[in-house]
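J.: Pasting in a structure now, in structure tokens, and then I'll have a few things to ask.
Read-outs: derived from the displayed coordinates by stated rules, not from any lab. Not measured: the values here are computed from a predicted model.
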């Protein structure tokens, strides 16, 4: 894991008569990246975690919703279940006409770990 970042803290103290005032502000920036991980050599490139931040989200890419039964009937075959109007329309990443976890699962979002934190 490669972790990089910095912290900045600014403090101000002031006294006016018997009144004491203190103000502190913090700014933190941090980013990480997986450098080495024992991954199966048959793992598709888009599913590999090396080079991505820890906690990267993987899933199917949604391309809207099925609007009617005709559109649902012509949809790529899901790996489980049925397709009906109102269901998510998932992108067939590898173009094989089927939606499967092994071939159509991709990186869809960033980690929940914030890169920037500001406190005052």
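J.: In whole Å, what is the distance between the alpha-carbon centres of region 16-30 and region 42-120?
T.: Cα centroid to Cα centroid, the span is 45 Å.
J.: Same structure again: Below 8 Å between Cα atoms, with a sequence gap of 6+, how large is the relative contact order for the chain in percent?
T.: Result for the chain is 28 percent.
J.: Label the chain by shape, choosing from rounded, prolate and oblate, from the square roots a ≥ b ≥ c of the eigenvalues of the Cα gyration tensor; if a/c is under 1.5 it is rounded, and otherwise prolate applies when a/b is larger than b/c, oblate when it is not.
T.: Note, shape of the chain comes out oblate.
J.: Rounded, prolate or oblate: which fits region 58-120 when a ≥ b ≥ c are the square roots of the eigenvalues of the alpha-carbon gyration tensor, with rounded for a/c under 1.5 and prolate only if a/b beats b/c?
T.: Note, shape of region 58-120 comes out prolate.
J.: Select from 16, 99, 108 the residue whose mean-square fluctuation is largest in a Gaussian network model of the chain (Cα-Cα springs shorter than 10 Å).
T.: In this elastic network of the chain, the residue with the biggest mean-square fluctuation among 16, 99, 108 is 16.
J.: Rank 81, 55, 95 by mean-square fluctuation in a GNM of the chain with C-alpha springs under 10 angstrom and give only the top-ranked residue.
T.: Result for the chain, Cα springs under 10 Å: 81 fluctuates most.
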